[in-house]
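Notes for the one structure printed next.
The values are calculated or read from the model by the stated rules, or taken from the named source; none is laboratory data. Remember, it's a predicted structure, so these values are computed and weren't measured experimentally. We place every Cβ from the backbone using ideal geometry, glycine too, and count neighbours over all the protein chains shown.
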There are 6 protein chains.
Amino acid sequence: MSHFQRGDGRAHDALRPVSIQRGFTRHAEGSVLVSFGHTQVLCTASVEEKVPPHKRGSGEGWVTAEYGMLPRATHTRGDREAARGKQSGRTQEIQRLIGRSLRCVFDLAALGERSILIDCDVLQADGGTRTAAITGAYVAAADAVAWLMAQGKLQASPIKDAVAAVSVGIVNGTPLLDLEYTEDSSCDTDMNVVMTGSGGFVELQGTAEGASFSRAEMDALLALADKGIRELVLAQRAALAK
Amino acid sequence: MSHFQRGDGRAHDALRPVSIQRGFTRHAEGSVLVSFGHTQVLCTASVEEKVPPHKRGSGEGWVTAEYGMLPRATHTRGDREAARGKQSGRTQEIQRLIGRSLRCVFDLAALGERSILIDCDVLQADGGTRTAAITGAYVAAADAVAWLMAQGKLQASPIKDAVAAVSVGIVNGTPLLDLEYTEDSSCDTDMNVVMTGSGGFVELQGTAEGASFSRAEMDALLALADKGIRELVLAQRAALAK
Amino acid sequence: MSHFQRGDGRAHDALRPVSIQRGFTRHAEGSVLVSFGHTQVLCTASVEEKVPPHKRGSGEGWVTAEYGMLPRATHTRGDREAARGKQSGRTQEIQRLIGRSLRCVFDLAALGERSILIDCDVLQADGGTRTAAITGAYVAAADAVAWLMAQGKLQASPIKDAVAAVSVGIVNGTPLLDLEYTEDSSCDTDMNVVMTGSGGFVELQGTAEGASFSRAEMDALLALADKGIRELVLAQRAALAK
Amino acid sequence: MSHFQRGDGRAHDALRPVSIQRGFTRHAEGSVLVSFGHTQVLCTASVEEKVPPHKRGSGEGWVTAEYGMLPRATHTRGDREAARGKQSGRTQEIQRLIGRSLRCVFDLAALGERSILIDCDVLQADGGTRTAAITGAYVAAADAVAWLMAQGKLQASPIKDAVAAVSVGIVNGTPLLDLEYTEDSSCDTDMNVVMTGSGGFVELQGTAEGASFSRAEMDALLALADKGIRELVLAQRAALAK
Amino acid sequence: MSHFQRGDGRAHDALRPVSIQRGFTRHAEGSVLVSFGHTQVLCTASVEEKVPPHKRGSGEGWVTAEYGMLPRATHTRGDREAARGKQSGRTQEIQRLIGRSLRCVFDLAALGERSILIDCDVLQADGGTRTAAITGAYVAAADAVAWLMAQGKLQASPIKDAVAAVSVGIVNGTPLLDLEYTEDSSCDTDMNVVMTGSGGFVELQGTAEGASFSRAEMDALLALADKGIRELVLAQRAALAK
Amino acid sequence: MSHFQRGDGRAHDALRPVSIQRGFTRHAEGSVLVSFGHTQVLCTASVEEKVPPHKRGSGEGWVTAEYGMLPRATHTRGDREAARGKQSGRTQEIQRLIGRSLRCVFDLAALGERSILIDCDVLQADGGTRTAAITGAYVAAADAVAWLMAQGKLQASPIKDAVAAVSVGIVNGTPLLDLEYTEDSSCDTDMNVVMTGSGGFVELQGTAEGASFSRAEMDALLALADKGIRELVLAQRAALAK
């Protein structure tokens, strides 16, 4: 069924090589370098013993995320957002997505009135930075929870399930799993799918580029995403088992 | 199948009363007040004979959108973004969504090197402001195109299809069409669907609140959205026929 | 005495048609759409049970205002201030004027330690947006006070008098009442006058455009303003009586 | 008629000691330190051989002003606006007033396509900073024009008349000329008046503090202002004659 | 040894005329106009009975500084930082330097939990504004301490030593003391030296412009700085003795 | 002479282990991960065929730098500067220092009218981030120049000399080379020294913390810096030889 030849010879339903390296930096309670092919994102999880105003006194904790891209993570250097004085709409969209995705698998009451702040910084970009970020952020958050338990601050884990994400899209009529940058730039339809370890949907963001897409195309993309996320959840589990 | 009783007695698959009032203000090339129940959005379309830098010299035009909410459009007064000095992540997310949705039904080459700027300002909010905005913005854009044709600046319309949007969600296990604010606040899953007049998907944004959602739930929501958008496209057509 | 023919055939000392529509939106404690001819301003009054820092513990309340203009309220689309990241000097000047004008007729001690926030958003502009805003804001504030009394939070009204505003100016040597946009753009002298229901001055802002103006011209303008404001106060009273 | 005893023993219709010192700093084309009693404002006029966008190609020049206050010009230290990242509404209001006042006495076509930028920086504040600023700015602008003529860039002066400003107000029922800070803080009505050398009005800004003011009160204030400005124009003339 | 002829005929190891005028403005607890030749900086010291967050509850005080330059202090008018909405990197660098320099001679515990805020505003610039600012700021701070003692708020001075600063540099191979603007613009090496009254180093900032500098050149510059700062400390002492 | 025992058993005049890894990311023309012990900085060099305004038409190129720190590079998470909306004074100071240091070894005319932009992003911080950044930036810049020569855009290298940097300081009376974080936090005097490969000084920034430092102390620190920089230049050379 796949007519489009991928640049790296991958099958249309294959992920790029995935690597999840824990303990990448030493200060954060969780620190993970996640790679989807050439895309590399450093995800750190920081524990803070306070919560934002809307949670104060609620007995519940909070999990949130920030996202950034180093200026030369990309083919052409982009502006440094700190120098420009504001985060782009794209950056804010992505960090809100990461935060929501993580919160969906957390029992915030069980976390207690403390925060886990996830920082996802793209060191190298080749498509799929937000999906790699979510996939790595989960592992960093799990390490932060393990640290809280080791410190005796939590007796049981507030994490209810794993969460991972992958992009899918249609290029020249062919549905593809885990788009790299050149595929992403030329695709007709682009979908980011976030799912739990047990196969539930957490977030779904599909966008037509140029032409609209049909229900049949969506079904094909969701099947690819489901396959990819199962594999990513196995990779997360393997990384956490080390 | 519907166990949840809606506050206003609506059927679970019913839209709120829809009103699309053209010519609401006098200066803009297109000016539409769209209402989905108590949600009221003023959508104006402004024609400018120039394009943003990335389109200069391309021979193609551009369609873009900005979104805002009057401070007291909501139950509790919100900060004025102009006074705070920046647009929230939510605002940017919504205006990017509106812009992409409109561009998807425009032949930008046929528009010529000019821009249509859509302003969607929420006068009163009761859930579904972004879907009402997209639905009204299409009519305002159509009026701006009609103005361009009346002026002799365009011979044929660059609009390829209609576009409309609706929210769907699951409240207490019941899939509902076109959520109002109280439903939106208590829903488990929330999905915004943007489709063309011919039934293709343009944007799909589904978010689990608290618990993930299943494929079966998603299918039920998409069916509701499909029904709702068909009705909205008829309402757009009726408004444009006046 | 009037040599200048007004575009709409109005007498030099005539207001444009005035309309004051209460209850325009449903969430605010006071919500008024005021029109001076084609100029339309939505004025909402929001009650908050707190005061700004400089009033805390004083036992007195506060009344303040914010002003905005929808980007396409005008003939040519203006920048959205929220997107630009700051309010213009003109916007700040106007909102400070509205706030001072309202406070002048309020007994802040009788209001108690709470705030009334007035939002004046221009939906359509054709000259005189600040004077329409003040005139409508008074009615919205009166409705907010009525709401406070109906809630039992206030026994007596802290409003001491009505307040309304009108612009006057000299065009081609002719003093005119209530300038519309084309008159405003070509006037030699422009004056905004704010007066109480009992005829006292609250604010007076006169500006020479190009040539200075004489004491005699000022006297003529003040007489026109006095006449116009008497009529506006009657219109406010009629609206509040409904 | 004057019942209020002024702190410094001044008559109710007397200016504070006025000093206008030209050439206060060396780089600017015009540099004036103006004092109204303890209020001291440094006014510099800078010539630039370009105009803002809205004047390009018009053959006309531009005159504009910026205003600032050193953080400890006042009794209590205020925030530094540069550190806070924005100018206050008050600052913007004042600098717009100064610019309009100066432009009113300039023949912009005769100035040619160049700009005069006036900077008014308050070194010490004791009430009336904006009126001292306008009065000093005129002298600095006159020096910049003299410089342009000395350079052979202008054959004739584009200045049509002098311009000066003074504050007047009612304290405890007594109309006073040229309010100092303690008077300004306790006044019922405050009016800033800008007039030309030949006695025409340029700007008039009257504000009721607490209670509205009557037509008779306004007439008394305008008479005081007229007297004060005549004296200020003489002081300007004397300074320029040195 | 000096081959470079200075514009003003000064010896290579001579300071420009130094003037330190106390009580320049009346509101601040310390107010000093310091001149190094044509460079004039107004330094005010403000006492506040509170400390920044990182010092709260520590029992220690704080000394900090802000720096600014009037737009036309320079040959060509610069942007007003308050209007541009941010302080430049250069401004921040300088104000951090002034703050550190002052703190080095303060016993913060002896100051008690209060702050001294130094504002250094350049009225006229001709090179060496930061070194003049530090030299004047010390005198203003000493006056603020004297005020605190006169008020009975401090029994003993928390100032441990004097502090002053001077620039040195190499122009055309000649080491020079106290560079004026034209020398500063053409120098090969530029060094700002901050020392205490007893001859210890507080800050040292040397920068090569174009070519690196040798150890021998550095030694020559440090000897000049040492000489200059001894003279400046005498000038400070003389000013404080008045 | 060294009485202070360093935490890692290092001699007082020893660098931490230095690692310079070229080609760390794939898109930039130069990409170097430099480590001084646990301090890790990613330095990328980007070539752009344009120059900033002040260099346009000059025939000369430009070399500049930006600096950032990932929020959790440090022991405690710091604010993300992009989210806060501005770069701190410290950040701006450091990036200006890096830029000046690099420019000092570049022949900007030989570079031609193009820019090299250096981005230094701290992945992990343990003291000395600015000195590691300069040392790594030089190698990244050298790689960018090699790329320009390989592309045939430059015939000869515009780099005149190597440049490297190290921190030195006095802790408990002991002069130490290459301070790590805990040493840096407790030091009396802190100096950052930037030198060329041939031993000339480029930048020198010494700061007394608490007590001033003597000339003898400075001499001891400079000797340590000289030794350290010689070793760093060898490490740069070895890295570039691979």
Scanning the stretch D:80-100 for residues that are in a helix (DSSP H, G or I), more than 12 Å from chain C (Cβ to nearest Cβ) and not aliphatic (A, V, I, L, M), the one farthest from the chain's Cα centre (by Cα) turns out to be D:Arg84
message = Being outside any helix (DSSP H, G or I) and either at pLDDT 95 or above or β-branched (Val, Ile, Thr) (or both): is that true of B:Thr76 here?
response = yes
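Just checking, does the stretch C:39-50 include any residue being touching a Ser or Thr at 6+ places or on another chain (Cβ under 9 Å), basic (Lys, Arg), modelled with pLDDT of 95 or more and within 29 Å of B:Glu48 (Cα to Cα)? Walk me through how you get there before you give the answer.
First pass over the stretch C:39-50, keeping only residues touching a Ser or Thr at 6+ places or on another chain (Cβ under 9 Å): C:39-50.
Applying the additional criterion that residues be basic (Lys, Arg) yields C:50.
Filter once more, keeping what is modelled with pLDDT of 95 or more: C:50.
Imposing the further condition that a residue be within 29 Å of B:Glu48 (Cα to Cα) reduces the set to none.
No - not one qualifying residue is present in the stretch C:39-50.
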For the stretch F:24-48 the number of residues that are closer than 22 Å to F:Asp143 by Cα, in a loop (DSSP other than H, G, I, E, B) and in contact with a Gly (Cβ under 9 Å, 6 or more places away or on another chain) is 0
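Report yes if A:Ser214 is within 30 Å of B:Ala225 (Cβ to Cβ) and either within 10 Å of chain B (Cβ to nearest Cβ) or modelled with pLDDT under 95 (or both), otherwise no.
Values: within 30 Å of B:Ala225 (Cβ to Cβ): yes; either within 10 Å of chain B (Cβ to nearest Cβ) or modelled with pLDDT under 95 (or both): yes.
The answer is yes for A:Ser214.
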Of the residues in the stretch E:199-218, those that are part of a strand (DSSP E or B) and of a type in the set (D, E, K, R) come to E:Glu203
Filtering the stretch F:190-228 down to residues that are of a type in the set (Val, Ile, Thr) and farther than 15 Å from E:Met195 by Cβ yields F:Val193, F:Val194, F:Thr196, F:Val202
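Among residues belonging to the stretch D:49-71 that are part of a loop (DSSP other than H, G, I, E, B) and small (Gly, Ala, Ser), point out the one that is surrounded by the most Cβ atoms within 10 Å (Cβ to Cβ).
Once the filter is applied, the top-ranked residue is D:Gly61.
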For the stretch A:228-238, check the following and say yes or no: at least one residue is more than 15 Å from A:Leu15 (Cα to Cα), within 14 Å of chain B (Cβ to nearest Cβ) and in contact with a strand residue (DSSP E or B) (Cβ under 6 Å, 6 or more places away or on another chain).
no
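Out of the stretch A:192-211, which residues are charged (D, E, K, R) and more than 7 Å from chain B (Cβ to nearest Cβ)?
Filtering the stretch A:192-211 down to residues charged (D, E, K, R) leaves A:203, A:209.
A:Glu209, the sole residue that qualifies.
Among the residues of the stretch F:15-44 satisfying the criterion of being facing chain A (nearest Cβ under 8 Å) and in contact with an Asp or Glu (Cβ under 7 Å, 6 or more places away or on another chain), which is surrounded by the fewest Cβ atoms within 10 Å (Cβ to Cβ)? Talk me through it step by step, then tell me what you get.
Taking the stretch F:15-44 as the starting set, the residues that turn out to be facing chain A (nearest Cβ under 8 Å) are F:25-28, F:31, F:38, F:40, F:42, F:44.
Now narrow it down to the ones that are in contact with an Asp or Glu (Cβ under 7 Å, 6 or more places away or on another chain): F:38, F:42, F:44.
Numbers: F:His38: 18, F:Leu42: 28, F:Thr44: 29.
Looking at the filtered set, the residue picked out is F:His38.
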The correct count of residues that are within 14 Å of chain B (Cβ to nearest Cβ) and modelled with pLDDT under 95 in the stretch A:54-73 is 1
When (1) under 24 Å from D:Arg237 (Cβ atoms); (2) in contact (Cβ under 8 Å) with a residue 40 or more places away in the chain; (3) not hydroxyl-bearing (Ser, Thr, Tyr) are applied to D:Met69, the one that fails is (1)
The one condition F:Thr189 fails out of (1) at the interface with chain E (Cβ under 7 Å from one of its Cβ atoms); (2) under 22 Å from E:Ala223 (Cβ atoms); (3) buried (at least 21 other Cβ atoms within 10 Å of the Cβ) is (1)
Considering only the stretch B:167-178, I want to know if a residue exists there that is farther than 26 Å from B:Gly210 by Cα and either crowded, with 23+ Cβ neighbours inside 10 Å or more than 13 Å from the chain's Cα centre (by Cα) (or both). no
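Residue by residue, here is whether (1) more than 26 Å from B:Ala65 (Cα to Cα); (2) within 21 Å of the chain's Cα centre (by Cα); (3) not polar (S, T, N, Q) holds:
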position	(1), (2), (3)
C:Gly9	yes, no, yes
C:Ala14	yes, yes, yes
C:Ser19	yes, yes, no
C:Arg26	yes, no, yes
C:Val63	yes, yes, yes
Report task. State whether one or more residues within the stretch D:108-116 are surrounded by fewer than 24 Cβ atoms within 10 Å (Cβ to Cβ) and within 14 Å of chain E (Cβ to nearest Cβ). Result -> yes
The condition of being at pLDDT 95 or above and in contact with a helix residue (DSSP H, G or I) (Cβ under 9 Å, 6 or more places away or on another chain) holds, among B:Gln95, B:Gln124, only for B:Gln95
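May I ask you to list the residues in the stretch E:11-22 that are in a loop (DSSP other than H, G, I, E, B) and without any contact (Cβ under 8 Å) to a residue 40 or more places away in the chain? Before you say what the answer is, go through the steps one by one.
Start the filter on the stretch E:11-22 by keeping residues that are in a loop (DSSP other than H, G, I, E, B), which leaves E:11-17.
Within the stretch E:11-22, E:Ala11, E:Pro17 meet the criteria.
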